[in-house]
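Trainee: I have a structure here, written as structure tokens, and I will follow up with some questions on it.
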Amino acid sequence: FFFNDTATTEIYTRSIVGSVRCVQETDSVKFEQVIDCGGGYIKLLGEKYSASNFGGDTHFFIMFGPDICGPENNIRLVLDYNGKGQQWKKVHAAPNDKLTHIYTFVLYPNAFYAVYLDAQILDNGTVSEDWDMGIPKTMPDPADKKPGDWEDYMYIDDPDDVKPADWDDQTMIPDTSIQKPADWDDKIEGFWETPMIKNPNYKGVWTRKKILNKKYKGIWKAARIPNPKYKEELPQEYTIGGVGIDVWQVKPGTIFDNIMITDSIDDALAQAETIIERQVETEREKKSKEEGKPIEKPKPREVEVKP
């Protein structure tokens, strides 16, 4: 659990929706292992949080971070609405490549928002349209269907990655030091089975490396049309008093770093660029040498930001 210093607290114990300021949260997350199922989130808490009692059920105003489980690897963004967490309707894949990635969320006073991944705009919109807060202004077009050739997985198995011939994935092996007793009678004592022991050469379950899917088009979503039941409702105000980290996973090794809460998008993106230059590029070069091929970078999305 992390809490900012007094100077920062003085700024952010103010309402951040409906005021003249915007709130901007940036942090970096690195999964040093291949995540099978797990997530790591930053939570912005209210003024009356209890650090000693912080946990998964602690009330929060904003939750943001990667959520990876099998083929479903998404960026989760949850906002509080009348005491209940509402999920972001849009779906974007979270990277799962053992590299550090920088997640940035900006919420403006007019309830416009923007999401950045590695200092590149990922998506934006309005709170009223992209969260279930009252009746949404637009709705998915029921006549719009996903194309049959649409590729919505950012990472796929590397078809060129082959399991090494000496890879041992047997957890238990027969104990060759124990032989069947000479006086053993199968009819009386049953069929003899050699005792099993842990395999000292066990390397774990082998899986193919993941590579960037060149045909990736993003997560498909239906076109939106005006909602005839729409009724405009002003978003509620958030007063932030603390920052919490919520990690759910079955493997250790997740690194949170570079947490920044500010009202300057320029400062936040500048920090993200610095992290990429000093840390991420070094990790990328190291991984490229280990795998013997260049690591492709995701292409930036062309998204217009209009707060």
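The values are calculated or read from the model by the stated rules, or taken from the named source; none is laboratory data. In this text the structure is predicted, and so the values were computed from the model without any measurement. Glycine also receives a Cβ, built like all others from the backbone with ideal geometry; neighbour counts cover every protein chain displayed. Accessible surface is based on the protein model in full, side chains and every heavy atom, while ligands, DNA and RNA are left aside. Shrake-Rupley method; radii C 1.70, N 1.55, O 1.52, S 1.80 Å.
Trainee: How many residues are of a type in the set (Ser, Thr, Tyr), within 30 Å of HIS92 (Cα to Cα) and open to solvent by 70 Å² or more (accessible area, probe 1.4 Å) if we restrict to region 149-197?
Mentor: 1
Trainee: Could you look through region 111-132, keep only residues that are touching a strand residue (DSSP E or B) at 6+ places or on another chain (Cβ under 8 Å) and farther than 24 Å from ASP27 by Cβ, and pick out the one that is least open to solvent (accessible area, probe 1.4 Å)?
Mentor: GLU129
Trainee: Every residue in region 220-242 that is under 22 Å from LEU107 (Cβ atoms) and at pLDDT 85 or above, please.
Mentor: Residues satisfying the conditions are LYS221, ARG224.
Trainee: Do we have GLU281 as at pLDDT below 85, out of contact with any His (no Cβ under 6 Å at 6 or more places or on another chain), acidic (Asp, Glu) and surrounded by fewer than 12 Cβ atoms within 10 Å (Cβ to Cβ) here?
Mentor: So GLU281 fails the test.
Trainee: Of the conditions (1) hydrophobic (A, V, I, L, M, F, W, C); (2) in contact with a Ser or Thr (Cβ under 7 Å, 6 or more places away or on another chain); (3) outside any helix (DSSP H, G or I); (4) modelled with pLDDT under 80, ILE255 fails just one. Which one is it?
Mentor: (2)
Trainee: Looking only at strands (runs of 3 or more DSSP E) that lie completely in region 133-236, which have at least 3 residues being of a type in the set (A, V, I, L, M) and touching a residue at least 40 places away in the same chain (Cβ under 8 Å)?
Mentor: none
Trainee: Search region 43-61 for residues being surrounded by 18 or more Cβ atoms within 10 Å (Cβ to Cβ) and in a loop (DSSP other than H, G, I, E, B), and hand back the single one that is farthest from the chain's Cα centre (by Cα).
Mentor: Top of the filtered list is TYR49.
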